[in-house]
Structure formats: C-alpha cells, structure tokens
Amino acid sequence: MKKKGRNTKQQPHFDRPVDRYFYELDQTYKQGSKGLYALFLALAFFGVMGLIWMIPFPQFDFLVRVNAHTFLNWGSFFIAIIIYCYLKLAPTLSYAVLFCIGIMSFFIVQLEYVERDGGPTVVGVCSLIAGLSLLALWLIARKEEHINGRNFVRLLAIGPIWLWSKVFQQLKWKY
C-alpha cells in the first residue's frame, strides 16, 4: 500500500564528494545570475586575500639573510591552504583558481605600490571591496528559497571552484 502525501525526492548518486557539493550549490543557488555570483565572489575573495596579505609577518633572520623575507607573508599561507583544499576536491579546477589567485596577487602588489606613492591604503581598499561585495552577495543570495548562514558560508568556501566548474562544463572540459 502506498502512503498518501509522501513525496520522496531522491538525490542522484555521486562518485566524488565535489559532485555532491556542486549539486547542493546548484539546488540552493538556482535562481540567481551565475555572472553576478562570479563577480561578487571574486571581489570578495580579492578583498579578503588582500586583508590577509597585509597582516604583518615576522621577519626571521634566516629569511632576511637569503633575501626571501619579501616573498613570504600570511597571504602565502592562505593561498596554500585554499589551493590544497581545492586540490583535494577537484585538481583541474584548483589550477583555474590558482591562476585567478595569481592575477589577484598582481593587483594586490600594485595596490601596495599605489599606497607607497601616497595613495589609499591597501587595507582600506580591500576592506571596502570585501565589505561591499559580501553585502552584495548576501543581498543576491537572499532571493533564493533556502538561503541561510550555512549555505552562504558554503558559497564563500566552495563557490570559486563551483563557478569554475560551470565554465568547464560550457567548454566541455572534464574536471
């Protein structure tokens, strides 16, 4: 005998955890524009990375002796952790994110040059960019049906490779 009113919705079988994450993000963020998500997520990532980049890093003597102290900062650790996590989920997509991080790093260094020459501080610019883009992301995401804090954090954490997966799907590349 069938039970009346029971509406069972089966989730598809996933071979990899990343496929399940992408499916859940697709179900959560299906109404909004992927272009707007990509724009504001990239700006938020840039702003947060710039803020982490500017946290003073200790000057170790052995790094100063080999003239490597300028290449190591907290942003390097942030990038390493992000790429490692993405590499575990989807290696090909992590390379795309690493390429974007390289471009963002270039612009952060350019902001440092502007600050050195008397322009606005990197912390101020990155705070403004991060704050406005996170606010815009939240306002766009609020239009979705099942948005909550947990889903929003998942968008911030896995969103970059999720959006790159959409690009790879359009190009018919495997990830």
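The values are calculated or read from the model by the stated rules, or taken from the named source; none is laboratory data. Keep in mind that what you see is a predicted model, and the values were worked out from it rather than measured. Cβ: placed from backbone, ideal geometry, glycine included. Neighbour counts: every protein chain shown. Note: areas computed on protein heavy atoms with side chains; ligands, DNA, RNA excluded. Shrake-Rupley method; radii C 1.70, N 1.55, O 1.52, S 1.80 Å.
Things to note:
- Rolling a 1.4 angstrom probe over the protein heavy atoms with all chains in place gives the range 20-175 an accessible area of 59 Å² per residue.
- Solvent-accessible area, 1.4 Å probe, carbon plus sulfur percent, for the chain: 64 percent
- Look at where the Cα atoms of the range 132-147 and of the range 77-102 average out, and the two centres are 24 Å apart.
- Only Lys, Arg (+1) and Asp, Glu (-1) charged, at Cβ; the range 23-175 dipole about Cα centre in debye: 540 debye
- Once the Cβ-Cβ distance of residue 142 and residue 73 is raised to the sixth power relative to R0 = 30 Å, the FRET efficiency obtained is 0.30.
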